[in-house]
Amino acid sequence: MSRGTMTAARQRRKPWLALALATGLGLGGILAPQARRAAADDVEVNAHTGLAISGYDPLSYFVDRKPLLGQPGLELTLGGTIWQFRNPGNRAAFAAHPEVYMPRFGGYDPVAIARGASVPGHPLVWAVVSERLYLFYDASARTAFLADPGRIIAAAMRKWPAVARRIGH
């Protein structure tokens, strides 16, 4: 199976998405991946794969210090969101403390949130600051964040409730 398609079991759980992919309606995300919100835990989910952070193992950012793709056979569903992991140990650690390893602000770019906007972050543009994972729209947002993370985080925390309400979290 290719990485860009959903497993048969996941397609059965999301028949509307399988139909969209089969009819080509999902092809618009090739250049600009679209994401949708997971219902229960405020995490962006890749609309094409049905996976949180596009299938990257959330622990890899901490353990390996780089994003690494998880394995289709090592999944965990939490709050309706499907996460993939590289090994059973990473899956167990995440299951025990998901709040530690999930991207902060649901994977939305904290620089945009600090400005009052909702822009999904990209799993390959990231930083771990104060033991929390942040995803960014692009490298310039990451650079701005790293120049003064405390200020950006504080501003994003103030704005997040209003931003989250607008996006339906």
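The values are calculated or read from the model by the stated rules, or taken from the named source; none is laboratory data. What you are looking at is a predicted structure, and each value in this text was computed from that prediction instead of being measured. Please note: Cβ atoms are built from the backbone with ideal geometry, for glycine as well, and neighbour counts cover all protein chains shown.
Here's the yes/no breakdown for (1) in contact with a Phe, Trp or Tyr (Cβ under 7 Å, 6 or more places away or on another chain); (2) not assigned by TED's automatic domain parsing to the domain that holds residue 128:
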| residue | (1), (2) |
| --- | --- |
| 50 | no, yes |
| 69 | yes, yes |
| 87 | no, yes |
| 91 | yes, yes |
| 111 | yes, no |
Read through the list (1) farther than 14 Å from residue 43 by Cα; (2) touching a Pro at 6+ places or on another chain (Cβ under 9 Å), then give the number of the only condition that residue 102 fails.
(1)
Quick one: count up the residues across the range 69-89 that are in a loop (DSSP other than H, G, I, E, B) and buried (at least 16 other Cβ atoms within 10 Å of the Cβ).
2
Just checking, does the range 98-116 include any residue being of a type in the set (Lys, Arg) and part of a helix (DSSP H, G or I)?
yes
Return the total of residues in the range 125-169 being part of a helix (DSSP H, G or I), among the small types (Gly, Ala, Ser), surrounded by 14 or more Cβ atoms within 10 Å (Cβ to Cβ) and at pLDDT 95 or above.
4
Any residue in the range 66-77 that's in contact (Cβ under 8 Å) with a residue 60 or more places away in the chain: show its pairings with residues that are exposed (fewer than 15 other Cβ atoms within 10 Å of the Cβ) at Cβ separation under 9 Å, as long as the two are six or more apart or on different chains.
69/3; 72/1; 72/3
